[in-house]
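None of the figures in this text is laboratory data; all of them are computed from the coordinates on show. Only a predicted model underlies this, so the values are computations on that prediction, with no experimental measurement involved. Virtual Cβ from ideal backbone geometry, glycine too; neighbours counted across all protein chains shown.
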Amino acid sequence: MALNFLCPVHRDWVYFHPQDALTQLEETQQQGEALMQKREWQEAIMFFGSAFETTEILIELQGNEKSFLLSRLTTLAMLLATSFAKLNAMTYGQLILKQAQTRLQLIAENSLGNQPKQEHVEQCLVAVKSSLEQLVFIHPLAQDMSSAQIH
């Protein structure tokens, strides 16, 4: 099961306006970070989630050649997992990290023969796996709020 954050209208907008979506990506992440600093976790998740799903779509459209999108996907997955953890929604944090891990593993498999790309993807995978381990082992007793709404 994958987490989705964009409504169908916004998802279509990203597909049909990828350059505009790319321009908005940094601002969306920054808004999430500002909310995170204010400890407004639920609101931060909305911005991080939108940026995460937008990044997934842009990777799909533009291929694996844009290394900065792979780094952004990794960063956003970790920010989302942290925000979910602050709300004791560990299952969602684990799910988003596994979603990023699966995407990155697929990219790694498709990057065979491209050593620099493969090394970059491996670095992203290490960061995601480390975050996943921290989430599992640091917060094992936290209550999960599976019924909490994301949006």
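Put +1 on the Cβ of each Lys and Arg and -1 on the Cβ of each Asp and Glu in segment 8-138; which of Q62, A89, A44 then has its Cα farthest toward the positive end of the dipole? Going by the charge dipole, the pick is A89.
Applied to segment 16-23, the Karplus parametrisation 6.51 cos²θ - 1.76 cosθ + 1.60 on θ = phi - 60° returns per-residue 3J(HN,Hα) values of 8, 9, x, 5, 5, 5, 4, 5 Hz, with x for Gly and Pro.
Would you mind telling me which residue in A100, A85, A51 has the biggest mean-square fluctuation in a Gaussian network model of the chain, where springs connect alpha carbons within a distance under 10 angstrom? Largest GNM mean-square fluctuation: A85.
Evaluating 6.51 cos²θ - 1.76 cosθ + 1.60 at θ = phi - 60° for every residue in segment 114-120, the Karplus couplings come out as 10, 4, x, 5, 4, 5, 5 Hz, glycine and proline recorded as x. Exposure proxy shown here: for S130, S71, S83, the number of other Cβ atoms within 10 Å sets the order, fewest to most, as S130, S71, S83. The ranking of T102, T75 from fewest to most other beta carbons within 10 Å of each one's beta carbon is T102, T75. Charges were assigned to the Cβ only: +1 to each Lys and Arg, -1 to each Asp and Glu. The resulting dipole of segment 8-138 about its Cα centre is roughly 340 debye. Short-range pairs are left out: with C-alpha atoms under 8 Å and at least six residues apart, the relative contact order of the chain is 24 percent. Of the trypsin sites (Lys or Arg not before Pro) in segment 34-72, the ones in a loop by DSSP (not H, G, I, E or B) with at most 15 other beta carbons within 10 Å are K38, R39, K66. At an R0 of 41 angstrom, the distance between the Cβ atoms of N88 and Q115 translates into a FRET efficiency of 0.50. Candidate cross-link partners of K98 among the aspartates and glutamates, defined by an alpha-carbon separation under 16 Å and a same-chain spacing of 8 or more, comprise E53, E56, E122, E133. For the chain, the extents of the C-alpha atoms along the principal axes are 43, 34, 27 Å, listed from largest to smallest. For the pair S130 and K38 in one chain, pulling the backbone fully straight at 0.36 nm per residue adds 30.6 nm over the alpha carbon distance.
Using Cα springs under 10 Å in a Gaussian network model of the chain, which residue among G113, G63, G93 shows the largest mean-square fluctuation? The residue with the greatest mean-square fluctuation here is G113.
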